């Protein structure tokens, strides 16, 4: 009996520890995602600056390193946002941690579409596609930051108000907390999950099909004939 009691206590303690650890991880991912989004939109806005500085380099190696740094920061930040943002597509997350629905999950969808366009098209060379990427990254960043500040952090604002005001939805913070918080509005949270998950699956399917198409065998590749170098005729006077 004593062994069973100790086992039950240890099991309950481990569940509490795992639950607390998961919340800490989710909070950390939420903050990291905001920083990455600020980096991503900053890189899109600063494109003209990087191009202007690029033209000032006289050494080709320095110019290549400068542009490579820009491309890595821009593309890697978008990829990392989609990679970490997948945590918002776990229904259990909506109950463990207050998620701003539909703002935060839908913002990840915008970044996923931007990543898909980067995979399918050369967005750096085509100005029209680069403009679309800027719009997608900008809208996704605004949605995420708005949801984080005015919904996820709304409990902090409500804690500074009197109980009669904080428990009411008549004020701005109370309305945002009661309406767009995944823990107080689980129906909206699950509908957001369905919509975001469906779009992500479709985008992933298109990306997967594109990768199969690009990796398909192309048959025999004919090498161009080697150029024939004609011997230069040296005038008789120069030979002498």
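The values are calculated or read from the model by the stated rules, or taken from the named source; none is laboratory data. Because the structure is a prediction, the values reported are computed rather than measured. Here Cβ is always computed from backbone atoms with ideal geometry, including for glycine, and neighbour counts include all displayed protein chains.
Every condition in (1) loosely packed, with under 10 Cβ neighbours inside 10 Å; (2) farther than 28 Å from residue 26 by Cα; (3) modelled with pLDDT of 90 or more holds for residue 206 except the one numbered (1). So is residue 81 surrounded by fewer than 20 Cβ atoms within 10 Å (Cβ to Cβ) and within 30 Å of residue 172 (Cβ to Cβ) or not? No.
Residues are listed down the side, and each one gets a yes or a no for (1) closer than 28 Å to residue 24 by Cβ; (2) within 21 Å of the chain's Cα centre (by Cα); (3) at pLDDT below 90:
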{"site": "88", "(1), (2), (3)": "yes, yes, yes"}
{"site": "117", "(1), (2), (3)": "no, yes, no"}
{"site": "138", "(1), (2), (3)": "no, yes, no"}
{"site": "144", "(1), (2), (3)": "yes, yes, no"}
{"site": "158", "(1), (2), (3)": "yes, no, yes"}
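Filtering 145, 133 for residues that are more than 15 Å from residue 38 (Cβ to Cβ), part of a helix (DSSP H, G or I) and in contact (Cβ under 8 Å) with a residue 40 or more places away in the chain leaves a single hit, 133. Of all residues in region 92-107, those that are surrounded by fewer than 15 Cβ atoms within 10 Å (Cβ to Cβ) and touching a helix residue (DSSP H, G or I) at 6+ places or on another chain (Cβ under 6 Å) total 0. Does region 178-201 contain any residue that is surrounded by fewer than 13 Cβ atoms within 10 Å (Cβ to Cβ), in a helix (DSSP H, G or I) and either at pLDDT below 70 or on the phi > 0 side of the Ramachandran plot (or both)? The answer is no; no qualifying residue exists.
If you check 126, 75 for being farther than 17 Å from residue 179 by Cα and touching a residue at least 24 places away in the same chain (Cβ under 8 Å), only one passes: 75.
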